[in-house]
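Q: Below you will find the structure I want to go over with you.
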Amino acid sequence: MRFIVYILLKYKFFLIFLLLESIALIFTIQSHSYHKSHFVNSANAITGGIYEQTATIEEFFVLKKENQNLANENARLKNIIARISAEKDTTNFTMVDSIYYQEYKYTVAKVVNNQYTRKNNYLTIDKGSNQGIGEDMAVVNSLGVIGITKDVGSNHATVLSILNSNSKIHAKLKNSSHYGTLLWNGESYTTAQLTDIPRQAKFGIGDTIITGGRSLLFPEGIPIGIVKDFEYDNNKYEKIDISLFNDMSALSYVDVITNLNKKELEQLEERSNDNE
């Protein structure tokens, strides 16, 4: 307290000067419309800049939550589309409130770890058996294929990335319906390879590659990438490079796809194999 009194006494003339200058400035602004307008505009500009920066900071902190909300909404809409697409009576537009005809279910998950520089890369997601995730489930996002679930814990799971030398995904040419297998040679995280394409298949650079639908994991038609380059020699395709739609180095939210008929189909195929 004594220090404050000492400061006030020591600088009393300077403080009185500042007070009088402030009062004079206020009177000047109030009595002259030009000065008042200029002051108000300057104050608004400063305040507006502060508000803009504050809004930018707030947007940054809520971005994570907004991304989560968008991912959840995306998965919800995919489930609705799956139910509508599976409705048997296409002439009846009444929606059925059940999943008996729904073939695929989508569950949103966040990527908490992502490898893309190794020969055998894996991802980790924040969903596991407690959230209905199991082994050998397709993992995609809005741009296309990501991989297949491998090891599953209670609340997390690892994903065999398409950037893995052990990855094999059934794929096809969108414009010709010729089928092949998507592999990865371990070189570039932006490029995969398409093999087993029949020699009579006709395609060109820029043509789209999608999932084939002949597996129990991926629905047909999920984007993969476009033809980047190919070599045709000895009356067959020696090499077909696919430029991936996904930037595998920057993954955030994904959808895990559950084939609701997988067990039934596996049992049927097993019976057919036993009867041979």
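Every number here is computed from the coordinates shown, using simple stated rules; none is lab data. Treat the numbers as computed from the prediction; the structure is a model and nothing was measured. Cβ atoms come from the backbone with ideal geometry, glycine included; neighbour counts cover every protein chain shown.
Q: Of (1) touching a residue at least 24 places away in the same chain (Cβ under 8 Å); (2) surrounded by fewer than 19 Cβ atoms within 10 Å (Cβ to Cβ), LEU163 satisfies all except one. Which?
A: Result: LEU163 passes all but (2).
Q: I want to confirm something. Restricting to segment 197-240 and keeping residues that are part of a loop (DSSP other than H, G, I, E, B) and among the polar types (S, T, N, Q), which single residue is nearest to ILE146 (Cα to Cα)? Quick ask: steps written out before the conclusion?
A: Within segment 197-240, the first condition is being part of a loop (DSSP other than H, G, I, E, B), and the residues that meet it are 197-207, 212-222, 234-235.
Next, only the ones that are among the polar types (S, T, N, Q) stay: 200, 215, 234-235.
Values: GLN200: 29, SER215: 16, ASN234: 33, ASN235: 32 Å.
Looking at the filtered set, the residue picked out is SER215.
Q: I would also like to ask the following. Which of the residues that make up segment 207-239 are among the hydrophobic types (A, V, I, L, M, F, W, C) and without any contact (Cβ under 8 Å) to a residue 24 or more places away in the chain?
A: ILE226
Q: Still on this model: Being touching a helix residue (DSSP H, G or I) at 6+ places or on another chain (Cβ under 9 Å) and of a type in the set (Ser, Thr, Tyr) is the filter here, so list the residues in segment 225-271 that pass it.
A: Scanning segment 225-271 gives SER252, TYR253.
Q: Take the conditions surrounded by 17 or more Cβ atoms within 10 Å (Cβ to Cβ), within 17 Å of MET248 (Cβ to Cβ) and among the aliphatic types (A, V, I, L, M) and apply them to LEU173. Does it pass?
A: Answer is no for this residue.
Q: Just one of LYS127, LYS172 is touching a residue at least 24 places away in the same chain (Cβ under 8 Å) and not in a strand (DSSP E or B); which is it? Explain how you work it out, then say what you get.
A: Details: LYS172 fails: not in a strand (DSSP E or B).
Within the list LYS127, LYS172, the selection yields LYS127.
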